[in-house]
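Take a look at the structure below.
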Amino acid sequence: GPSQPAKGQLQVYRPPSGDFSSFLKELSKILELLPKRSVQIMGDFNVNLHANNKEVNEFEEVMFSAGFFPLISTHTHEKPGCNRTCIDNIFTNDIDKSIASGTISDKLSHHSPIFHIFDNMSALKTTSHSKYIQYYDYSDSNVGKFASDLDKDLSENPPSSLDDFISTFKANLDKACKLDRPKISKRNPINNPWITGGLVASINRKHELKDDWIKAKKKYCLLNRKTKCENVKIACHCKPCNTAREMHTIFINKTS
């Protein structure tokens, strides 16, 4: 049979006046030849995913059956006198590696640029002893800053070519998300896929509350360390001591 193409990206454009049935047949043949992982298909499909009609259903059936899922759900095309539509998209068969995706507002055309940030874990070794080198921090705040700065940069300095856009995109991504020093850890997305930023924050908060509870067992107010209380857990009602008393109650209930 035909050899499989290299893993990566495919660009697609379907003319709005083209034969839709022929498009689906050709698309199905291409999808059968693609690798089962690490592929992104992007472009202007001229199929409005916000509509509910036969064409959309047939198109989604072809993509879903091949294991490809859309990453863009907002409108991507808008022009005077017409409704907003979602005709540009990025499809991937490796949804677990997707970190962020969306559209960027600009003044260049009726189409909004679309983007996808994904975590390339294919370079990681699968052994439990492998170390994970983290170069970027894609926290919610960093991604939000990246999107805001990029939108502002594109509005003030519209790119004249695709290379200019890529350079602007990378510069803003590095500025907002790239770490000053890479982090090296044995805890990686393969060994500990359930570790998230929110879970780490909750763990750290738990340790803070435990430290406050331990300190509250002493006869000193947590708000003013020089002030002695007869019994902190009963007499003092400042916010830190109240929190510590609540933690003490929870601890007693769980151990009794």
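The values are calculated or read from the model by the stated rules, or taken from the named source; none is laboratory data. Here the structure is a predicted model, which is why all the values come from computation and not from measurement. With ideal geometry, Cβ positions are generated from the backbone for all residues, glycine too; neighbour counts draw on all protein chains shown. For the accessible areas, the whole protein counts, side chains as well, though only heavy atoms, and no ligand, DNA or RNA atoms are used. Shrake-Rupley method; radii C 1.70, N 1.55, O 1.52, S 1.80 Å.
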_Note, ³J(HN,Hα) from phi for the range 154-163, Karplus 6.51, -1.76, 1.60, rounded to Hz, x at Gly and Pro_ = 5, 6, 7, 9, x, x, 8, 8, 5, 4
*Give the long-range amide H neighbours of Thr85: residues separated by 5 or more places, or on another chain, with amide H under 5 Å away, using H modelled in the peptide plane at 1.01 Å from N.*
Thr76, His77
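Express in nm, to one decimal, how much length is gained between Tyr13 and Ala201 on full extension, taking 0.36 nm for each residue of separation and deducting their alpha carbon distance.
63.3 nm
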_How large is the accessible surface of Lys175 in square angstrom, using a 1.4 angstrom probe and rounding to the nearest 10?_
150 Å²
*Between their Cα atoms, which of Lys145/Lys206; Lys54/Lys79; Lys145/Lys183; Lys36/Lys152; Lys97/Lys210; Lys54/Lys145 are more than 30 Å away from each other?*
Lys36/Lys152; Lys97/Lys210; Lys54/Lys145
*Take the Cβ-Cβ distance between Arg181 and Ser73 as r, set R0 to 45 Å, and report the resulting FRET efficiency rounded to the nearest 0.05.*
0.80
_Derived scalar couplings ³J(HN,Hα) [the range 9-24; Karplus, 6.51 cos²θ - 1.76 cosθ + 1.60; whole Hz; x for Gly, Pro]_ = 10, 10, 10, 10, 9, 10, x, x, 8, x, 6, 5, 5, 5, 4, 5
*Sorted by accessible area (1.4 Å probe), largest first, how do Arg37, Arg14, Arg181 line up?*
Arg181, Arg37, Arg14
*Within the range 50-87, find all residues whose amide N lies under 17 Å from a label point positioned 7 Å from the Cα of Ser21 along Cα-to-beta-carbon.*
54-59, 62
*Taking the Cβ-Cβ separation of Asn83 and Leu209 as r and a Förster radius of 51 Å, what is the calculated FRET efficiency to the nearest 0.05?*
0.50
